[in-house]
Amino acid sequence: MLDHLVMKGSSTWAALWLAWIVVSFQVLGAAANCKVQLQKLPAIFVFGDGMLDVGNNNYLNSTEEFGEPLRANNSYYGIDFPKSEATGRFSNGYNIADFIAKTLGLGISPAAYLSLPVPISMVDFTGVNYASEGARIWDNFYADDSTQVTIPLLEQVDKFVATKAQMEPKLGGSELKKLLSNSIFLLSFGTTDLFHVWYLQNLMAKNDQTNVQYLLSSYGVGIKALFDAGTRKFAVINVPPIGCTPVGQIPWGRRGYVSGRCDESKNKLAMEFNNGLGRLLATFSSELHGFRYSVADLYGFANATFANPSAAGFVNTNTQCCPNPCMPGFGGPFENRSQYWFWDYSYPTEKAAKLAAAAFYDGPARFTVPISFKKLVQTPEKMTPVLLSSCHVR
């Protein structure tokens, strides 16, 4: 009897011991998975214009001189966003910043800078979005021609520096340096600037081709300022064929306008800018230690889609899905939104943004130079853990 009890007790303890081992391995495995997840999720900092804006313009105040900023806060913008919420994105749903963030595993673009509390919280921190519709590379370049309330490039850089100053006491200088060096800095500037350059050259009797080079030089100042502040990985989207956008097709006082036809004089400026941008970033890469970059060719991707729209499921790539003014009381968007490339006067639909982001992250090599966004993310660096509340041991 005693032997039976001893054997029974031994069996019980053995079973408990085995169960403990199994649970321990599960906990350790979950913790390991959690660690891997933390290491693979870089933060993303977003700078640019309405292509990437997720609501900063909603928080800008009007001015007596320039009036109200351009906002995407009516019910048509965001009609396909979860809960049909108008968030300030110039899209019917998500935009390119959101889809790039999704490829990184972050779910959605980080929040608009102007919507965040001060000081910034590091709980669930995934980055910050500083983009602003109408943003220019250098606002003072246009002198009296500046007519919009927006956040230009260098002001966005200043706001990033302010963010960094809030983060340092919480992370420490060493950890903050690691976080920033492994984060992705997504940029998209130039469209607004080039429209103004075209206007000055064609309608004001000015034909100074150095305007584009001057613009690129100013862009370089902003990029160098970000590098000096700790940025190392630059994901830069070049400008699209601006002469093919609904607003770019408008003759702007010139004869020969044909609805739906691209204005190649504007596209020529875009190509000049894009070629110079590629050279600028290549120069930085050779001169600045640790500078890494990828240029996403939105110009080339858009043109490839326009050449064969049906292959991507589009039936309309030259007019906007939501006619101007895109707001309640003025008609509204068409039902077949997923078949349109352009959502409004300038920016892509959610579907177009999704396809472009996929091409830039891990698509055909011809749409990113010298490497894809995915390879930029994967460049060998020791990742800094980013604490996410969704990472639990269960």
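Assuming R0 = 45 Å, can you tell me the calculated FRET efficiency for the pair R261 and I108, based on Cβ-Cβ distance, to the nearest 0.05?
0.80
Our note on the geometry: Cα centres of the stretch 64-119 and the stretch 255-325, 22 Å apart.
For a modelled paramagnetic label at E175, 7 Å from Cα along Cα-to-Cβ, the residues of the stretch 80-123 in reach, with backbone nitrogen under 12 Å, are 122-123.
I'd like to compare 284-293, 340-349: which one has the highest average count of other Cβ atoms within 10 Å, and what's the full order after that? Mind showing how you got there, number by number?
On the way: 284-293: 14.4, 340-349: 25.1.
My ranking of the peptides, most packed first, is 340-349, 284-293.
Over 25 Å between Cα atoms: which of K233/K354; K170/K374; K178/K375; K83/K354; K177/K224 fall into that group? From the list (K233/K354; K170/K374; K178/K375; K83/K354; K177/K224), the Cα-Cα distance tops 25 Å for K170/K374.
With 5 Å bins beginning at zero, the pair-distance distribution over Cα atoms of the stretch 40-195 amounts to 2, 9, 18, 21, 20, 15, 9, 5, 1, 0 %.
Would you kindly state how much longer the chain becomes between Y59 and Q166 on full extension, computed as 0.36 nm times their sequence separation minus their alpha carbon distance, in nm to one decimal?
On the way: separation 107, 0.36 × 107 = 38.52 nm, distance 2.03 nm.
In short, 36.5 nm is gained.
E68 contributes about 110 Å² of solvent-accessible surface, heavy atoms of the protein only, 1.4 Å probe.
The values are calculated or read from the model by the stated rules, or taken from the named source; none is laboratory data. Source: prediction; values computed, not measured. Neighbour counts are summed over all protein chains in view; Cβ atoms, including those assigned to glycine, are modelled from backbone coordinates with ideal geometry. Surface areas here come from the heavy atoms of the whole protein model, side chains and all, with no ligands, DNA or RNA. Shrake-Rupley method; radii C 1.70, N 1.55, O 1.52, S 1.80 Å.
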